[in-house]
Structures are given as C-alpha cells and as structure tokens.
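Have a look at the structure below before the remarks.
The values are calculated or read from the model by the stated rules, or taken from the named source; none is laboratory data. Treat the numbers as computed from the prediction; the structure is a model and nothing was measured. Positions of Cβ are backbone-derived with ideal geometry, glycine not excepted, and every protein chain shown enters the neighbour counts. Heads up: the accessible areas ignore ligands, DNA and RNA and are worked out on the full protein's heavy atoms, side chains in. Shrake-Rupley method; radii C 1.70, N 1.55, O 1.52, S 1.80 Å.
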Amino acid sequence: ARAQIGVTGLAVMGSNIARNFARHGYTVALHNRSIGKTDALLAEHGGDGDFVRTETVEEFVAALEKPRRVLIMVKAGDATDAVIEELAAAMEPGDIIIDGGNALYTDTIRREAAMKARGLNFVGAGISGGEEGALNGPAIMPGGPKESYESLGPLLESIAAQVDGVPCCTHIGPDGSGHFVKMVHNGIEYADMQLIGEAYNLFRDALGFDAKQIADVFTQWNSGDLESYLVEITAEVLNQVDAKTGQPLVDVIVDAAEQKGTGRWTVKSALDLGIPVTGIAEAVFARALSGSRTQRAAAKGLASGVLGEKPTDVAEFTEAIRQALYASKIVAYAQGFDQIAAGSAEYNWDLHPGDLATIWRGGCIIRARFLNRIKEAYEADPSLPSLILAPYFREAIETAIDSWRRVVVVATQLGIPVPAFASSLSYYDGLRAERLPAALTQGQRDFFGAHTYERIDAEGKYHTLWSGDRSEVQA
Ligand code: NDP
C-alpha cells in the first residue's frame, strides 16, 4: 500500500482530479467501474506522475495508505450510493470516503450518518471549476467530520486553486454543508449567467449591437468591477465565429437553455427555508421558459402593446446596463448568502460566509473580483444582516440605482424580457420599503381563515370578528 489518495470514477472530472493530485507529487490509486477509462488515462497521461492501476475495488482499497482516502467522482445519485456501499464493505474504521460529485446535500447528510455508524468518515465535497478547474485547480468545499479534514485538508488544499497564496478550499462544516454551499454556488452561477444574458439581450435588441460589438463591451467590463470568469468567457463565446455559416456562433445556437438540476435544487431548498432567492429563481425559470419550445412557437406574434423609443445615447445606456448588471448581481449574491445563513441555522452547521467568499475567489465558475469585496464585508461584520447593507455594496447600489431603474423601464417599454434585473430591483425596493402590502395580506388571511394579525401599536395577536359585529378580539 503506497498511494496517498485513490480516485474512483475516471470520466472527465475524476481523471483530471487524479492527474492534478499526481502532478502535485501524490501517488494516486486509480479505479473505474470499467477498466477502459483507467487504461486510457494511463496511456494518455501516465507521465503526469505516480499512478497505481487497479481493477477491482479490493485491489484499489489495498493500494492505499491508512487511513485510506478515496475520492468518488461518479454520476450523482444511485451510482454514488452503489460505489459507497462497495467501498465501505472493503474499508476499515477511520478510513475516509470523499464524494466529489454533485450530490444533493440531503443525500450527503444521510450518507454521512450511515458511514459514521460504520466507523467511516464521510466527506461530501463540492467541487467547482468544471474540467479545466479539476485539472489546474478547482474550488473545493469539503464538509464532513472536522477530524477527517486534518488528514485530508492538506491534500485538497494543495490541488485547489490559489488566490494570493490562499487555497480555494477550506473545511466548510458538518455532514451535508459542503454540498449545500456548492449547490448555492451553482444557484448563484445561474443568476450570474441570467443577468449577463439579460445585458446581452438589451445590447442586441435595445441598441442593435451585433455579437462582436457586445463581445467588445464585455471584454472592456472585464477590466472593472465586473471582472469575472463568466464575463470573460461571455466575450469569448460572443467572439466565436461559426465555421459553417460564417455567422457569430451565438446566432446559430438554439435559444433553449438546459439545466442539470443544481439551480432547481437551490430554489427548492430556498422555498423550504423561506428565503427569497428571487434572482436565482428567475434564472431557473428563465431557462425553463426558453425551453418551452411548443408554447414559444405558438406565442410568436402575440401583442406587444405600444413600444417605447430605443435609447439614442449609446454610451450612456451601455453604462446604465453595466450598473443594472452590477446592482442585480449584488442582490443575487446577497440572496445566496442569506440562503447559506438560513441553511446554517437550520442544520446547525456554523458556516462562515466570509470563508466561502474567500474560497470562491478562484477555481470556481463564479470566481470574480467582486468576491474580494464580499470577503471584506464579512470580515468587517461577520453578522452582517444582508450583503446589501455592507457599506461598499450600499454605496455601489446608491451609485447604480437610477441607471438600474432606467434599464428596467426601457426594457419594459421595448418589450424586452429582463426577469432577473426587474425582480432584483423589486426585491431591493421591497427590502427598503417603509410599508409593504403584507398588512393587507394579513387582513385577508384573518378575514377568510381567522389567521390573526399583529398590531403596530400593541403586543399580541388579534382577530377581527369579520362575520360578526367586526369588533376586534385578542387571540
Ligand atoms: P459523469 O457524471 O458522466 O459520470 C461518469 C462516471 O461515473 C464514469 O466513471 C462511470 O463509470 C461512473 N459510473 C456511472 N454509474 C456507475 C455505477 N453504477 N457504478 C460505478 N460507476 C459508475 O462524470 P463527470 O466526470 O462529468 O462527473 C463526475 C461527478 O462530478 C458527477 O457527480 C458530476 O455531477 C460532478 N461534477 C461535474 C462537473 C463537470 O463540469 N462535469 C463539475 C463539478 C462536478 P464507467 O466508465 O464504468 O461508465
């Protein structure tokens, strides 16, 4: 037994992480259900470092130093359960099983409890960065027992992305917390992508820009506050020319977005936790709407109403879109961090939002300059009630607010859908409102269901005798 780490599941993600470990000097035991992928990896990249080829789970487990550390990178769901079961049967108390797949955090909670009962350490680790990140440095969000991080942490930290010498990996918290924060990370990624998409749509339909012109704007934005991986790749995608037609590639791609599920999970969880993640939800629904091809085909030609004039000052409106994007992005992140705080409270995870902002600065899909500001905001006030209230973000929104409103108004007047820009603005207006119509909602609920209400001028719960003499009684 000489391998420090084993990787099972050698599709794109698993093989790239295995190579990443090997390149960092670790001896890596390799295993895959079918030997083909293992041999392909050894044939193509055997020179990356020291690998141990194994065929059976028994051989694989026997190749590992104790306590054994095995990273599972297989398809999320039943496949993961099957692999865990096989491994657990061959491993010994104190060994560590890491699930690096995109598991649903409630599955991770269940699996961690089951493994703990058998004396095994189970670490649900969220890994972000896609193929490229897996090879060159992903962001890693490991949950599970704190003790296991002592033996596992240094390995994971060494293969993770590094920003200013700080690894994009830290122990997140107990059981399902790592996969929970990875899930919210992906939800934020959905919101980020949707907001960028809305900005792109406005350039195209309100200003009449072509793909190349829009690419240039994103390239320019990538040297300011909006600097991020997603803005950078947006410019690359927009600049890509289709070899077949000579058109911008984006113009020949079918406009129906797909999804694998983590955005939907984030919204479902937010509903259960009662956290309004409107930016993420609009992003998930916008993908669903885009994919409703039958309805969309039938709805073409529906009335638009009277449309407004297109903006004439291109430079001014370009800057307005940038401000709207930035402000909406702040809202989406604020909501995501609210969900993390709520999950932390619900499951007693004691999560540290500032740590998440720190490890998301590199490696992962939402990496951005902006995350430094979030990190600083939580350093200054770890119990910040909302990211929006941190002085830096408060000021940023104050600067953006007029433009943000104008962009939503212009989009509405031109009949251009901006669900995430508009709902983020409504969220902001709702949060800062002196009075919300919720007072009326409470009155209605009391009317039809005797659900009671609170008064602004007295303690306790009250009910009006709506079907009686309409006097008020204390409940
Ligand atoms: P896939 O999700 O396509 O999974 C393929 C791998 O799973 C193969 O190694 C396959 O083995 C194995 N597998 C499938 N079913 C079983 C089973 N019943 N028993 C044993 N092994 C099984 O691979 P990816 O590399 O794309 O992703 C791996 C994990 O990482 C997934 O959970 C994914 O959600 C997650 N992830 C993916 C990212 C990405 O960008 N792709 C980013 C972050 C996380 P075989 O070769 O024998 O078929």
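Side notes on the structure shown:
- Amide H contacts of I5 (H built 1.01 Å from N, under 5 Å, at least 5 apart or other chain): T27, A29
- Remark: accessible surface ordering of D255, D225 (largest first) is D255, D225, probe radius 1.4 Å.
- Dividing the mean sequence gap of close Cα pairs (under 8 Å, 6+ apart) by how many residues segment 85-149 holds gives a relative contact order of 31 percent.
- Whole-Hz ³J(HN,Hα) from phi, Karplus 6.51 cos²θ - 1.76 cosθ + 1.60, for segment 63-74, glycine and proline x: 7, 9, 5, 9, x, 6, 10, 10, 9, 8, 10, 10
- Rel. contact order, % - alpha carbon contacts under 8 angstrom, at least six apart, the chain: 12 percent
- In segment 375-466, the trypsin sites (Lys or Arg not before Pro) that fall in loop regions by DSSP, at most 11 other Cβ within 10 Å: R435
- Mean Cα-pair separation over length for segment 375-475, i.e. relative contact order, pairs under 8 Å, 6 or more apart, %: 10 percent
- Convex hull of alpha carbon positions in segment 57-115: directionally averaged projected area 3.7 nm².
- Rule-of-thumb Rg ratio for the chain [Cα; 2.2 N^0.38 Å; N residues]: 1.11
- Tail fraction, Cα-Cα pairs, segment 98-189, threshold 20 Å, whole percent: 30 percent
- The simple Förster model, with R0 at 56 Å and r as the Cβ-Cβ distance, assigns H451 and E379 a FRET efficiency of 0.85.
- With a cut-off of 11 Å between beta carbons, the residues surrounding D78 carry a summed charge of -2, where Lys and Arg count +1 and Asp and Glu -1.
- Inter-label distance, nm, simple model (7 Å from Cα along the C-beta direction), E55/A89: 1.9 nm
- The chain: calculated mean residue ellipticity at 222 nm from DSSP helix runs of at least 4, using -39500 (n - 2.57): -18000 deg cm²/dmol
- Area of S34 that stays accessible when all protein chains are in place (1.4 Å probe, Å², to 10): 60 Å²
- The distance between label points at Q413 and Q444 comes to 3.1 nm (points 7 Å beyond Cα on the Cα→Cβ vector).
- Between G137 and any residue 5 or more places off or on another chain, the built amide H atoms are never under 5 Å apart.
- Kirkwood hydrodynamic radius over Cα pairs of segment 299-357, then Stokes diffusion coefficient at 37 °C and 0.692 mPa s, in µm²/s: 213 µm²/s
- The solvent-accessible area of K329, taken with every protein chain present and a 1.4 Å probe, is close to 10 Å².
- Sorting H24, H185 by accessible area puts them as H24, H185; the probe is 1.4 Å, largest comes first, and only protein heavy atoms count.
- For G129, net neighbour charge (Lys/Arg +1, Asp/Glu -1) across residues whose Cβ lies under 13 Å away: 0
- The GluC sites (Glu not before Pro) of segment 287-333 that DSSP puts in a loop, and whose beta carbon has at most 16 other beta carbons within 10 Å, are E309.
- Per-residue surface analysis assigns T318 an accessible area of about 30 Å², computed on protein heavy atoms at 1.4 Å probe radius.
- Gyration tensor verdict on segment 1-45 (Cα atoms; rounded if a/c is under 1.5, prolate if a/b is larger than b/c, oblate otherwise): prolate
- Taking the Cα centre of the chain as reference, the dipole from Cβ charges on Lys and Arg (+1) and Asp and Glu (-1) amounts to some 700 debye.
- The long axis of helix 105-117 is offset from the longest Cα principal axis of the chain by roughly 40 degrees.
- For the chain: accessible area per residue (Å², 1.4 Å): 46 Å²
- Virtual paramagnetic centre 7 Å along Cα→Cβ of S151, amide N under 13 Å, in segment 100-121: 119-121
- Nonpolar atom fraction for the chain, defined as the carbon and sulfur part of the 1.4 Å probe accessible area, stands at 52 percent.
- Measuring r between the beta carbons of L431 and A82 and using R0 = 45 Å, the FRET efficiency lands at 0.50.
- Counted by Cβ distance under 13 Å from T56, the other residues give a net charge of -2, where Lys and Arg count +1 and Asp and Glu count -1.
- Separation of the S34 and V241 label points, Cα + 7 Å toward Cβ, nm: 4.0 nm
- Segment 253-260 - phi-based ³J(HN,Hα) in whole Hz, Karplus 6.51/-1.76/1.60, Gly and Pro as x: 7, 5, 8, 10, 7, 9, 8, 9
- Annotation: amide H-H contacts under 5 Å for F51 (H modelled 1.01 Å from N, sequence separation of 5 or more, or interchain): V28.
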